[in-house]
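Working notes, beginning with the structure itself.
The values are calculated or read from the model by the stated rules, or taken from the named source; none is laboratory data. Bear in mind the structure is a predicted one, so any value in this text is a computation, not a measurement. Cβ: placed from backbone, ideal geometry, glycine included. Neighbour counts: every protein chain shown. Side chains are part of the model used for accessible areas, which takes the heavy atoms of the whole protein and leaves out ligands, DNA and RNA. Shrake-Rupley method; radii C 1.70, N 1.55, O 1.52, S 1.80 Å.
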Amino acid sequence: MLAKNPRLSNDEQISAMLLRYEIEQFNSVYASALDDQRLADWAEMFTEDASYVVLSRENEDRGHPVGLIYCENRGMIRDRAFALKKTAMFAPRYLRHMISNVQLTGEADGGGIRARSNYLVLQVLFDRPDATIHQAGTYNDIFRRTEVGLKLAQRRCVYDNLLVPNALCIPV
Amino acid sequence: MLAKNPRLSNDEQISAMLLRYEIEQFNSVYASALDDQRLADWAEMFTEDASYVVLSRENEDRGHPVGLIYCENRGMIRDRAFALKKTAMFAPRYLRHMISNVQLTGEADGGGIRARSNYLVLQVLFDRPDATIHQAGTYNDIFRRTEVGLKLAQRRCVYDNLLVPNALCIPV
Amino acid sequence: MLAKNPRLSNDEQISAMLLRYEIEQFNSVYASALDDQRLADWAEMFTEDASYVVLSRENEDRGHPVGLIYCENRGMIRDRAFALKKTAMFAPRYLRHMISNVQLTGEADGGGIRARSNYLVLQVLFDRPDATIHQAGTYNDIFRRTEVGLKLAQRRCVYDNLLVPNALCIPV
């Protein structure tokens, strides 16, 4: 039953599994930073030249690059984190990220690691008692290894919803 | 803290973990094939003699084998994939699979690997802006190792909902 | 691409990964015990001195320890499991747990393993055809290694919803 995959050496399989494990741990830390509203911690999970984009699947499929959020370096990501901390509208809600189905998809130019995963963000607004679906979609990622562990050089969040409820541009 | 499970040797634990890793990677590829509507790719993830069934938990519990979908070999699975590509009603929606809680549950007759996992399928219909729950349930699986990696010899999708909205028989 | 994390030895990384794997397998068994309504099996997943608490994020954030469920040893957990089996109101619903984003967060006093994860519980009530969100939240856990594998010495379930629909106190 436990016969290993014959196409790969044991060491190769263990290396791939370690990488997947690291990305899953990364995504868990990422989810809790956003869910706990520690946005400064969230911003530090990106490389200095990182691109962070949130756009609809509809626009992605049609090749329209227009997104809800468009940051092309960590400075812009930090600005967004800072702006949201100052926004009165952001506070009165709870978010909960469920990230699953991580998939290693190959190597990126310059030595990065390509991966994708599915995400679901649940939201509780303080004037409604129940949890509702805020966004569902896919992360298209490029990770880069740095001295302090993995960081995101790209996270492209493509959401399925046609409209995002309470369309405040909160990161996902 | 990191003391290992004393009941198993290190090698046995690593083998079990590698198998779980392979199944998780498989499920991620499976999810993205369906979410991207690459149904021909999806059909190739089954063995030639595979059984693929989608039925309600209510019928499963009562021993009624009546399902929404019932395929008893890969030819039937391919037929379904082909039929859906031709169905105008299938296109105008987005699906998103979240598969979690993979559990290795033992060895099947003939050397297969038994596993189960939970799934949630979210749906966006093009006449409604929000994502809704299409189906939630359990995959009861038998995997078989082939020359080109793991394949499903059985996937029995048992969904909890009493009715499936827009009861088009799309694979999950 | 697969260069390993340089800050940890290979053995340390594999140990951490094995632990995470064990916790994920534990959570999958936990989810299926609750989803299959095998509550006696569920109760045995705790240590004798375990604490099991379900409380709202609102109360948690304000330091109010008032919870929906408050058990301070396995006897109380077993009592709750037994009481629910006898409750006519419990039967007519299906539950489905999705547990994701496991995060190892360090060592607890006395040698336990601290972890957290996110959960989503879906519910199908028998007078409504669709699956709805019952609860979303975080497990704050302490695991302890016993002769029969990992057990929970603490599971603190903090849910985001402001109200739990059909506020029957079912375990999550």
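Of all the residues that make up the stretch A:54-111, how many are assigned to a loop (DSSP other than H, G, I, E, B), more than 30 Å from C:I133 (Cβ to Cβ) and touching a helix residue (DSSP H, G or I) at 6+ places or on another chain (Cβ under 9 Å)?
Matching residues across the stretch A:54-111 total 3.
What's the total number of residues in the stretch A:43-79 that are crowded, with 17+ Cβ neighbours inside 10 Å, free of Cβ contacts under 8 Å to residues at least 24 places away in the same chain and over 25 Å from A:R145 (Cα atoms)?
1
As an exercise: evaluate C:A131 against (1) at the interface with another protein chain (Cβ under 8 Å from one of its Cβ atoms); (2) more than 26 Å from A:Y119 (Cα to Cα); (3) out of contact with any helix residue (DSSP H, G or I) (no Cβ under 8 Å at 6 or more places or on another chain) and give the number of the one condition it does not meet.
(2)
Can you tell me which residue within the stretch B:13-42, out of those that are of a type outside the set (S, T, N, Q), more than 17 Å from B:R116 (Cβ to Cβ) and within 8 Å of chain A (Cβ to nearest Cβ), is surrounded by the fewest Cβ atoms within 10 Å (Cβ to Cβ)?
In this case the residue turns out to be B:V29.
May I ask you to list the residues in the stretch A:134-148 that are surrounded by fewer than 18 Cβ atoms within 10 Å (Cβ to Cβ) and either farther than 17 Å from A:R74 by Cβ or free of Cβ contacts under 8 Å to residues at least 40 places away in the same chain (or both)?
Answer for the stretch A:134-148, where residues must be surrounded by fewer than 18 Cβ atoms within 10 Å (Cβ to Cβ) and either farther than 17 Å from A:R74 by Cβ or free of Cβ contacts under 8 Å to residues at least 40 places away in the same chain (or both): A:N140, A:E147, A:V148.
Based on what the data block shows, is C:G75 more than 14 Å from chain A (Cβ to nearest Cβ) and at negative phi?
yes
State all residues of the stretch C:132-142 that are among the hydrophobic types (A, V, I, L, M, F, W, C) and in contact with a Ser or Thr (Cβ under 9 Å, 6 or more places away or on another chain); if no residue qualifies, say none.
Across the stretch C:132-142, the qualifying residues are C:I133, C:I142.
Which of the residues spanning the stretch A:105-125 are under 21 Å from A:S28 (Cβ atoms), open to solvent by 10 Å² or more (accessible area, probe 1.4 Å) and either more than 14 Å from chain B (Cβ to nearest Cβ) or modelled with pLDDT of 95 or more (or both)?
A:R114, A:R116
Considering only the stretch B:55-92, how many residues are modelled with pLDDT of 95 or more and β-branched (V, I, T)?
Count: 1.
Since C:I133 meets every condition but one in (1) within 16 Å of C:M45 (Cβ to Cβ); (2) modelled with pLDDT under 95, which condition does it not meet?
All conditions pass for C:I133, except number (1).
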